[in-house]
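Chemist: Starting off with a structure, shown below.
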Amino acid sequence: MGIMNIRDARIAAEESNLDLVNVAPNAKPPVCRIMDYGKFKYEQSKKEKEARKNQKIITLKEVRMTPNIEEHDFQVKMKNVVKFLSEGDKVKVSVRFRGREITHSSLGQQLLMRLALAIKEDAIVERMPKLEGRQMIMILAPKAQIQTN
C-alpha cells in the first residue's frame with residue numbers, strides 16, 4: 001500500500017477485519033503489514049514444528065576396548081563403530097588400561113590409530129588419541145556430517 005500514516009493504516013486494517021502487524025520496527029520508515037495475526041502465528045508454529053521434526057540430533061556413542069584385544073573382537077568393535085558412524089553419530093573410542101597395562105600406553109595408541117586407518121573412508125578423527133587417567137580416548141566423526149557443516 002506504500003508509505004502511509006499510522007492512523008490511516010489502522011483504519012484500513014479495521015475496515016478489512018484484520019490486524020496491523022509491525023514486521024520491521026527498526027527500518028526507516030517502519031514496515032507494517034495488514035494480516036490475520038492469529039493465522040500467521042499458527043502457520044509460523046507449524047513451520048517451526050516441521051523444522052524440529054526434520055532435525056538430526058547427533059549423539060556420542062562409546063566403544064570400549066582393552067590394549068590386548070584379539071583380532072576378531074577388534075573386527076566386531078570396528079563394525080560397531082562403522083554402524084554408529086553410518087547412522088550419523090559421533091563415536092568415542094576408549095582403550096581402558098588395567099593394572100600395569102598403563103606402562104604400555106603406546107599399545108593403546110597403536111590400536112586406536114589402527115582403527116582410524118581401517119575406517120578412514122567413513123570417518124575423520126575429530127580428536128587424536130589422548131591419555132586421560134587410565135583411559136586413552138579418541139573421538140571420530142562421520143565424514144558426511146563434516147562436509148555439510
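Chemist: Take the residues in the stretch 15-33 that are of a type in the set (A, V, I, L, M) and in contact with a strand residue (DSSP E or B) (Cβ under 6 Å, 6 or more places away or on another chain); name whichever of them is farthest from Ile3 (Cα to Cα). Show your work before the answer.
Modeler: Here is the first cut: in the stretch 15-33, the ones of a type in the set (A, V, I, L, M) are 18, 20-21, 23-24, 27, 31.
Adding the requirement that they be in contact with a strand residue (DSSP E or B) (Cβ under 6 Å, 6 or more places away or on another chain) leaves 18, 20-21, 23-24, 31.
Values: Leu18: 19, Leu20: 14, Val21: 15, Val23: 14, Ala24: 14, Val31: 9 Å.
Checking each candidate, the answer is Leu18.
Chemist: Given the conditions (1) exposed (fewer than 13 other Cβ atoms within 10 Å of the Cβ); (2) in contact (Cβ under 8 Å) with a residue 40 or more places away in the chain; (3) more than 19 Å from Ile124 (Cβ to Cβ), report the number of the one that Ser86 does not fulfil.
Modeler: Failing condition for Ser86: (3).
Chemist: What number of residues in the stretch 47-64 are farther than 16 Å from Gly133 by Cβ and in contact (Cβ under 8 Å) with a residue 24 or more places away in the chain? Reasoning before the result, please.
Modeler: First pass over the stretch 47-64, keeping only residues farther than 16 Å from Gly133 by Cβ: 47-61, 63.
With in contact (Cβ under 8 Å) with a residue 24 or more places away in the chain added as a condition, the list becomes 56, 58-61, 63.
Total satisfying the criteria: 6.
Chemist: Residues to consider are Met128, Met136; find the one that is out of contact with any Gly (no Cβ under 9 Å at 6 or more places or on another chain), of a type outside the set (D, E, K, R) and not in a loop (DSSP other than H, G, I, E, B).
Modeler: Met128
Chemist: I'd like the residue in the stretch 123-144 that is surrounded by fewer than 14 Cβ atoms within 10 Å (Cβ to Cβ) and small (Gly, Ala, Ser) and, out of all such residues, is nearest to Leu60 (Cα to Cα).
Modeler: Among those that are surrounded by fewer than 14 Cβ atoms within 10 Å (Cβ to Cβ) and small (Gly, Ala, Ser), it is Ala144.
Chemist: A follow-up question, please. Name the residue that is surrounded by the most Cβ atoms within 10 Å (Cβ to Cβ), counting only residues in the stretch 41-81 that are of a type outside the set (A, V, I, L, M) and touching a strand residue (DSSP E or B) at 6+ places or on another chain (Cβ under 7 Å).
Modeler: So in the stretch 41-81, the residues of a type outside the set (A, V, I, L, M) come out as 41-50, 52-56, 59, 61-62, 64, 66-68, 70-75, 77, 79-80.
Imposing the further condition that a residue be touching a strand residue (DSSP E or B) at 6+ places or on another chain (Cβ under 7 Å) reduces the set to 61-62, 64, 66-67, 77, 80.
On the way: Lys61: 16, Glu62: 12, Arg64: 11, Thr66: 15, Pro67: 20, Lys77: 17, Asn80: 14.
The extreme case among them is Pro67.
Chemist: Of all residues in the stretch 1-60, how many are more than 39 Å from the chain's Cα centre (by Cα) and either within 30 Å of Val91 (Cα to Cα) or in a loop (DSSP other than H, G, I, E, B) (or both)? Break it down into steps so the answer makes sense when it comes.
Modeler: Keep residues of the stretch 1-60 that are more than 39 Å from the chain's Cα centre (by Cα), which gives 1-18, 29.
Right, trim to either within 30 Å of Val91 (Cα to Cα) or in a loop (DSSP other than H, G, I, E, B) (or both) and you get 1-5, 16-18, 29.
The number of residues fulfilling the criteria is 9.
Each reported figure results from applying straightforward, stated rules to the coordinates on display, with no laboratory input. Remember, it's a predicted structure, so these values are computed and weren't measured experimentally. For neighbour counting, all protein chains shown are included, and Cβ atoms are generated from backbone atoms with ideal geometry for every residue, glycine included.
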